[in-house]
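In what follows, a single structure is set out as C-alpha cells and then discussed.
The values are calculated or read from the model by the stated rules, or taken from the named source; none is laboratory data. Quick caveat, the model's predicted, so the values are computed rather than measured. Backbone-built Cβ (ideal geometry, glycine too); neighbour counts: all protein chains shown. Protein only, heavy atoms only, side chains kept; ligands, DNA and RNA dropped before computing areas. Shrake-Rupley method; radii C 1.70, N 1.55, O 1.52, S 1.80 Å.
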Amino acid sequence: MADAFEEDGENTVSIGEFLQDLEEQELEADLVLGGDEGKECTYSKGYMKRQAIFSCLTCTPNGNAGVCTACSLSCHDGHEILELWTKRNFRCDCGNSKFGEFFCKLDASKDVENTKNSYNHNFKGSYCTCGRPYPDPDVEDQLENLQCCICEDWFHEEHLGLESSDMVPRDDKGEPQFEDLICQGCATVCSFLKLYPDSIFAPVQQQTTTNASKDKEVVEDAPLTVGSSKELSNGSSSVETPVTDNSPKEDCNGKAVLGENAAINTLLNQCNTVAGPSTKCVVGLNLLEAPISLEKSKSMFLSKDWREVLGRCPNCVEFYKQKGLVFLLDKEDTIAEYEQMAKQKRAQHEQDQSAELLNNLGHVEKMEVLTGIADLKDEIGTYLASFDPSKAVTSADVHKIFENLAQKRRRMS
C-alpha cells in the first residue's frame, strides 16, 4: 500500500482511484468465487448448480478432474493450477481415484468417481476451436474470450463463425450488449430458438442494401439479430418451418392453429398449461414432433432475460430434457444470478464480520471503536474537501490526516 503514495510523483494515485481499484479487485474475485471463502470443500453439497472450479495439472495432467476453491488452496497449494471460472452441475473431484494415492485434506470420504461431472479441453488449459491456451504466450494483446452458455467453452471472437467481429453486439464503448452466447457448435442443438420471437436475440446494427418495393422500404442501420429467424431468408436456419402449408397445425397443447403461414403465426400464439401463467409457451408447436434439422448454424447472442421466454409446457420441458438443456429453465444456472448471490454473500459477510468484532468487545471498548471510526471518517472528509479530489494523495497527506486526528484527541483529553 505504501507504493501507492510515492512522493516523487511518478507512481502517485488519488486516494479515490486507489480505493476504487481495490474495491473492484475484491468484487471481481468474489463474483468469480461466488462468495465462497474457500474454507470448506464443497463435496458434501453434491453436484452444485454452479461453482468456481480449478484444474490441477500437477496431480491430473490429463485434465480429467476439477477441484473446488477450498481444495485448490489447501490441498493443491504450490501446484500448477488452472482457474476455469465456473462450471455447472459439478462436484469436487479432489482426492478421488483420479488423483492416485493423493487424498483430500478437507474431506477424505469421497466416492471413487463423480460420474455426473463433465470435462472439456479447458481442464487441460486449451480453449476455443483453435485449442490455444489463455493467456496465449504467443499473443501480445490478450483479448477477452467469450464463453458459450451451453458447452461453457471459451472462444475468440474470430472463431465464432461470424462474418466479422462487428456482428458481436456491443455499445459505442465496446461493452458487450448481450446476456449469453451460444457458440456455433452448440447453435445446432439450440436451433429451436429460431422459433421464438426475435426479441430474445441481442440486436446488432448493420447496414442493409435491400431494394425498395411497394411493401418494403430501404432501411439503413437496421438492427439485425444474429442467429434469429430473420436468417431464414439466408438459408442459415436449422429449423425446418413449413411456411406455405395451409393445413391445420397443433400447438403444444393440441389446439388447432389455422392460417396461411401457420408455423410462423404460431410464434405469437401463447398456450397456457395447467401449471399456470408461469408456464406460458410462446412457441406454439410441439418441439418433440417439430422437424428440426442438423444444419450448421451461426453463433447466437441472446438478450437479457431471454430464458424467461422459454416455453415451460410439458412437451417443451421434455424436449429440453432429451437435448440436455433443462438447465436453461433454472434461474440459478445463469451467471447473472450466480454473481447476484455472490454480492449478497459478500454484503452479509461484511456485516457479520463487523457484528462479530463488536460483540467480542465490552460496552466501553465498543463505544470507543465506533467513535474512532466516526472521527476518522470525518477527518478524512474534511481534509479531502480542501483540495481537488482528483489530486494525487501522497504519504505526507496521509500522515497529515492522522496528525490532525491525534491533535484533536489530545485537546479533548
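Hey, can you find the accessible area per residue of the range 105-209 for me, probe 1.4 Å, expressed in square angstrom?
Values: 5760 Å² over 105 residues.
Accessible area per residue: 55 Å².
Length gained on full extension, Glu83 to Glu403, computed as 0.36 nm times the residue gap minus the Cα-Cα distance: 110.8 nm. Extending 7 Å from the Cα toward the beta-carbon at both Asp172 and Val139 defines two label points whose distance is 2.9 nm.
Between Lys296 and Glu163, what length in nm is gained on full extension when 0.36 nm per residue of separation is reduced by their alpha carbon distance? Let's see the in-between values first.
Values: separation 133, 0.36 × 133 = 47.88 nm, distance 1.46 nm.
Result: 46.4 nm gained on full extension.
Per-residue packing, averaged as other Cβ atoms within 10 Å, sorts the ranges 83-92, 66-75 into the order 66-75, 83-92, beginning with the highest.
Extending 7 Å from Cα along the Cβ direction at Ala336 and again at Ala396 yields two label points whose distance is 5.1 nm.
Multiplying the residue separation of Lys45 and His121 by 0.36 nm and subtracting their alpha-carbon distance yields 24.8 nm.
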